[in-house]
Every structure is written in C-alpha cells, then in structure tokens.
Amino acid sequence: MRSLFIAGNWKMNPGTAEAAVALAEAVKSGVGAAADVRVAVCPPSVYLHRVDQVLEGSPIGLGGQNMYWKTEGAYTGELSGAMLVDAGCTHVILGHSERRHGMGETDAQVNAKLHSAFGVQLIPIVCIGETQDERAAGQTEDVLQGQLVGSLAGLSPEQMAGVVLAYEPVWAIGTGLTATPEQAQDAHAFIRAWLSNEFGAATAARVVVQYGGSVKPDNAGDLLARPDIDGALVGGASLKAADFLGIITAARSVAAKGKD
Ligand code: 13P
C-alpha cells in the first residue's frame with residue numbers, strides 16, 4: 001500500500017527568511033510526530049538551511065524546487081544535488097510546469113537532473129501535465145506520455161519505484177480551477193497504466209503519484225480518496241499553515257478510512 005504524500009511547493013515565497021521560519025515552525029507543530037502521512041516542504045533555496053534547522057526532530061521532509069544536472073563547476077546561478085543534500089534536503093522537485101513553460105526546461109533536461117538526483121539519493125518529485133489548449137484538443141494522454149517517456153528515460157524499475165510523480169494540469173495551477181476528482185483519477189490511471197507497461201505491474205503499484213493544481217482543504221479529501229491519487233503537491237495553500245495542515249488532516253482521514 002502506498003502512503004499518501006503531501007508536499008508544499010512554496011515557489012518564490014515567502015518574502016523573508018523570518019517568514020519562512022515561522023511557516024515551517026507552524027507546520028512542524030501542526031504535523032507533530034505522526035508519520036501516517038508523508039509530508040515535505042519545498043522552500044526557496046536561500047531558506048533551506050534555516051528551515052532544515054526548524055524541522056530537526058520532525059518527520060517532515062525538505063525539498064529543493066530545482067537543481068542542475070552537473071555536480072560542480074562554472075555554472076553561475078545553478079545548484080547541485082549535493083548542495084541541496086548539504087542544506088538538509090531529502091527531496092527535489094523537477095520539471096515543474098513553471099520551469100517547463102516559463103523557462104523552457106525540456107524533458108531531456110529533466111531527465112538529466114533526475115539521474116543526477118539519484119546520484120546523491122535525493123527523492124525526485126517529477127512534474128508532468130497538459131495545458132488548457134492541449135486538453136481542449138484531446139491531447140492530454142499524448143502530452144503526458146511524451147513527458148513520461150522523455151523525463152523518465154533510462155531508469156531501472158527499482159529507480160522508478162523511488163520516483164514521486166506529480167500530475168499537475170497546467171490550467172489548474174494557481175487558477176483556482178481544480179481538476180475534478182474524476183478528471184484527476186483518469187489521468188492518474190493513465191499514468192499508472194503507462195508505468196505498468198514500461199516497468200511492470202509491481203513497480204507501477206509502488207510509484208506515488210501526487211495531484212497538483214489548486215488543492216485546498218475543502219477539495220483534498222475527494223481527490224485523495226481516488227484509488228490512483230497518492231497525495232498532493234500544494235502551491236498557494238501551502239503558504240498558510242492552517243490550510244496546509246487542513247490538507248494533511250484530510251489525507252490522514254483518507255489514510256485511516258482507506259480508499260473509495
Ligand atoms: P497551486 O496549488 O497554487 O495551484 O499550485 C500548484 C503547484 O504548482 C504545486 O507545484
């Protein structure tokens with residue numbers, strides 16, 4: 001059985017280290033020691049050290065929001081996976097749509113970063129998802145398949161089992177529009193079927209696939225109850241401790257009750 005995994009992607013927020021520390025402290029005290037649901041926060045990299053200190057003694061994971069595939073050298077502005085580990089990270093988000101669409105990141109680059117993340121034992125959270133136009137044109141599955149093929153090339157089944165995927169429809173990110181639980185489940189089932197085909201059913205059954213896109217405390221329970229939705233990658237609602245904790249509470253209640 002896959003554990004539910006709720007991760008907060010703080011993106012380029014909050015504006016100060018003090019505010020980041022306060023948010024991390026509130027999340028830490030709300031989550032407590034229970035590990036029935038996996039939780040991680042992904043702050044901007046300049047806050048990682050400080051947030052890592054706050055999270056000491058807590059089961060909450062710490063993630064970077066991006067990394068470079070090279071291990072060291074003359075790459076101004078980039079961060080290596082080893083640097084993220086040194087700052088306390090356990091996870092790293094790769095291929096977020098804001099990087100794919102806003103900054104031109106390609107599947108091949110995501111794939112290079114993924115292999116580099118494995119080299120330093122970071123747990124990768126690899127994001128995929130279609131735009132509004134692609135969905136309207138009936139291309140959702142083709143787009144997802146292309147991103148899966150390109151981003152996950154060259155992985156062994158054992159490596160694949162250690163990847164977290166995040167299905168984030170671009171049209172649902174930061175828009176207040178959420179995929180319906182049915183739309184999200186359909187996409188997740190497609191992803192799981194693709195994984196099964198490529199890596200075998202046993203591996204596919206182990207891969208955690210999060211949903212992301214306007215997840216809030218009041219819609220999280222319905223999404224997380226679906227059989228192939230194994231967690232959430234939360235943007236805006238992860239910046240308010242009460243909202244993020246509300247999503248974790250919803251996940252805990254799904255974990256306690258079991259799936260639909
Ligand atoms: P929102 O929850 O703000 O829609 O963002 C989702 C997201 O991009 C998480 O990575």
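The values are calculated or read from the model by the stated rules, or taken from the named source; none is laboratory data. As the structure is a prediction and not an experimental result, all values here were calculated from the model. Neighbour counts run over all protein chains shown; Cβ positions are idealised from the backbone, glycine included.
Observations on the model:
- If the condition is being within 16 Å of the ligand (Cβ to nearest atom), of a type in the set (Gly, Ala, Ser) and part of a loop (DSSP other than H, G, I, E, B), then segment 148-174 contributes only Gly174.
- So Ile93, is it over 19 Å from Ala250 (Cα atoms), buried (at least 22 other Cβ atoms within 10 Å of the Cβ) and among the β-branched types (Val, Ile, Thr): yes
- Search result, residues across segment 103-147 that are in a helix (DSSP H, G or I), crowded, with 19+ Cβ neighbours inside 10 Å and of a type in the set (A, V, I, L, M, F, W, C): Val110, Leu114, Ala117, Leu144
- Residue-level check: of (1) outside any helix (DSSP H, G or I); (2) within 19 Å of the chain's Cα centre (by Cα), Gly57 misses just (2).
- Residue within segment 178-189 that is modelled with pLDDT under 95 and within 21 Å of Gly95 (Cα to Cα) present: yes
- Lone unmet requirement of (1) more than 15 Å from the chain's Cα centre (by Cα); (2) buried (at least 20 other Cβ atoms within 10 Å of the Cβ) for Ala202: (2)
- Exactly one residue out of Gly95, Gly102, Gly64, Gly32 is within 16 Å of the ligand (Cβ to nearest atom) and at positive phi: that is Gly95.
- Residues located in segment 223-239, provided they are β-branched (Val, Ile, Thr) and more than 6 Å from the ligand (Cβ to nearest atom): Ile229
- Cβ-Cβ distances below 7 Å connect the following pairs, each with a first residue in segment 43-61 that is of a type outside the set (S, T, N, Q), a second residue that is surrounded by fewer than 16 Cβ atoms within 10 Å (Cβ to Cβ), and a separation of six or more residues or different chains: Pro44/Met12; Tyr47/Ala17; Arg50/Ala17; Val54/Glu25; Pro59/Ala33; Pro59/Ala35.
- In segment 62-88, the residues that are within 16 Å of the chain's Cα centre (by Cα) and surrounded by fewer than 19 Cβ atoms within 10 Å (Cβ to Cβ): none
- Against the test of being within 15 Å of the ligand (Cβ to nearest atom) and of a type in the set (Lys, Arg), the options Lys257, Lys216 yield a single qualifying residue, Lys216.
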